[in-house]
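Every number here is computed from the coordinates shown, using simple stated rules; none is lab data. Keep in mind that what you see is a predicted model, and the values were worked out from it rather than measured. Every residue, glycine among them, receives a Cβ derived from its backbone with ideal geometry; neighbour counts consider all protein chains shown.
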Amino acid sequence: MDHWTDMIAVMMSVKQEMQKYDKEKLWGYYLPETAAAESKITEAENCLGFFLDPYYKEFLKHANGWKGFSQTIDLFGTEELCQSEDMKYANMILNAIENSVIEESSFSRDQLLPIAATKTDKDLFVLTKWNKSSPRIVIWFAGEEVERFDNFKQFFLAMIDYNKDDLDYLKDHD
């Protein structure tokens, strides 16, 4: 699965199936935002002061963020990346992570860009900023490092799998 349209369609299909089995209404179910114009991506990069990861940029060209991307975690689009309330909240979570956890990640806080967060827990996903030789790493923090993904595409594919696990859980408890 190499094309963003296909990957997004798979995620949408899983989310729609989850909604059918979520009798307790555990999570909200939303469609991804419409594609970001190239000018919006450039605007976000100018605001941030660096170029976004190529895989993340490609995603944004197909879906400019996704509320409820995984349970209550929102995946940021160009609107959230700069001075939004969502980014302020995500940076607050990032700043609350213990120094030892950040040090163990081999990155400093200023090398981490929040790209997804939830306001109901401490889950935070960050993209590393400074890795010019290859796509940037995505790190999942929840007080400690939970998992890391080789790049944004691998993160997205893993989130499809996590949503499939949630779907299996919902089916088992139907």
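Miscellaneous remarks
- Charge dipole of the range 4-172 (Cα centre as origin; +1 on each Lys and Arg Cβ, -1 on each Asp and Glu Cβ, all else neutral): 340 debye, rounded to the nearest 20.
- Where trypsin sites (Lys or Arg not before Pro) fall in DSSP loop in the range 96-174, at most 15 other Cβ within 10 Å: K119, K122, K132
- Over 28 Å between alpha carbons, listed pairs K67/K88; K61/K171; K40/K129: K61/K171
- Cα gyration tensor shape of the range 71-118, rounded if a/c is under 1.5, else prolate or oblate by comparing a/b with b/c: prolate
- Cα gyration tensor shape of the range 50-171, rounded if a/c is under 1.5, else prolate or oblate by comparing a/b with b/c: rounded
- Cleavage-rule hits (trypsin sites (Lys or Arg not before Pro)) in the range 1-97: DSSP loop, at most 14 neighbouring Cβ within 10 angstrom: K23, K25
- 19 Å Cα-Cα threshold exceeded, pairs from K122/K164; K25/K164; K20/K153: K122/K164; K20/K153
- Listed by chain and number, the aspartates and glutamates placed with their C-alpha closer than 15 angstrom to that of K119 are D74, E80, E85, D86; residues fewer than eight positions away on the same chain are left out.
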